[in-house]
1. Which of the residues belonging to the range 170-210 are over 13 Å from GLY31 (Cα atoms), in contact with a Phe, Trp or Tyr (Cβ under 7 Å, 6 or more places away or on another chain) and either assigned to a strand (DSSP E or B) or at pLDDT 90 or above (or both)?
2. Of all residues in the range 10-63 being at pLDDT 65 or above and in a loop (DSSP other than H, G, I, E, B), which is nearest to LEU200 (Cα to Cα)?
3. Of GLN94, GLN132, which residue is at pLDDT 70 or above, surrounded by 14 or more Cβ atoms within 10 Å (Cβ to Cβ) and either touching a Lys or Arg at 6+ places or on another chain (Cβ under 8 Å) or over 17 Å from THR164 (Cβ atoms) (or both)?
4. Can you pull out every residue in the range 135-169 that is modelled with pLDDT under 90, hydrophobic (A, V, I, L, M, F, W, C) and part of a strand (DSSP E or B)?
5. Residues of the range 64-84 being small (Gly, Ala, Ser) and part of a strand (DSSP E or B), which ones?
Amino acid sequence: MKSFILWSFVGMLSLCGNVVAQTGRWTHQIGIEVGPQYAFNAMATASNGQKLTLDSVGLGIGAAVNYYYKFDRALFLSVSGAVGVFNSGYFRRQNADGSFPILNSFYFKDNALTNFAFTAGLRYNFAVTGLQPYAGLEVGSYFIAGGGIRPEGSETVSINLAVTPKAGVRYPLQPGLDFDASVKLIALVTGYVPFSYASLNVGVSYALNFQND
């Protein structure tokens, strides 16, 4: 999967090699991106004190819609809504002494785990023409849904914290339309299931009010 995305990225840059870098003006931009995601194993504690091990989640797929507001030539406000789906893995209950009970060990085995994240932050472009590397950081809230991920009788807060550092590169395909490739880490730092996952994303961004210089 990673090799396919890498070669797709190289191929698109080759096809766009004859595109003249545009330095046009715009204020509002919207984009979409998709890509594979990898979840890291984690420890969690339910509000009822039950300890859980999130294990063997592995690869999933995700997508996001992004909005950018340009403050100046290189600094942007970013707002994102993202969804990630993992079709494997499980929560395994633990006893207070760290051992695992023989019965009722799994909470969502063979059920999809879905995360919805809504974040806002800043992105800085290190170049504004041609190949444009950038870095950014967003914070926001998330909500997790999935078969049986909350033990009966437990509760969770309605708004949980997500922190998302991001790095990527832009390349103009045509005036007002950019190819975007990025890597980001979605760290779910509070709430019922504080785990993290990394994503590799490709997509396009379109300027809503592009004007040539």
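1. Within the range 170-210, TYR171, LEU173, ILE186, LEU188, SER196, TYR197, ALA198 qualify.
2. Filtering first and then ranking leaves PHE40.
3. Only one candidate qualifies: GLN132.
4. Of everything in the range 135-169, those that are modelled with pLDDT under 90, hydrophobic (A, V, I, L, M, F, W, C) and part of a strand (DSSP E or B) turn out to be PHE143, ILE144, ALA145, LEU161, ALA162.
5. ALA64, SER78, SER80, GLY81, ALA82, GLY84
The values are calculated or read from the model by the stated rules, or taken from the named source; none is laboratory data. Everything quoted here is computed from the prediction, not taken from an experiment. Methodologically, a virtual Cβ is constructed for each residue, glycine included, from the backbone with ideal geometry; neighbour enumeration extends over all protein chains shown.
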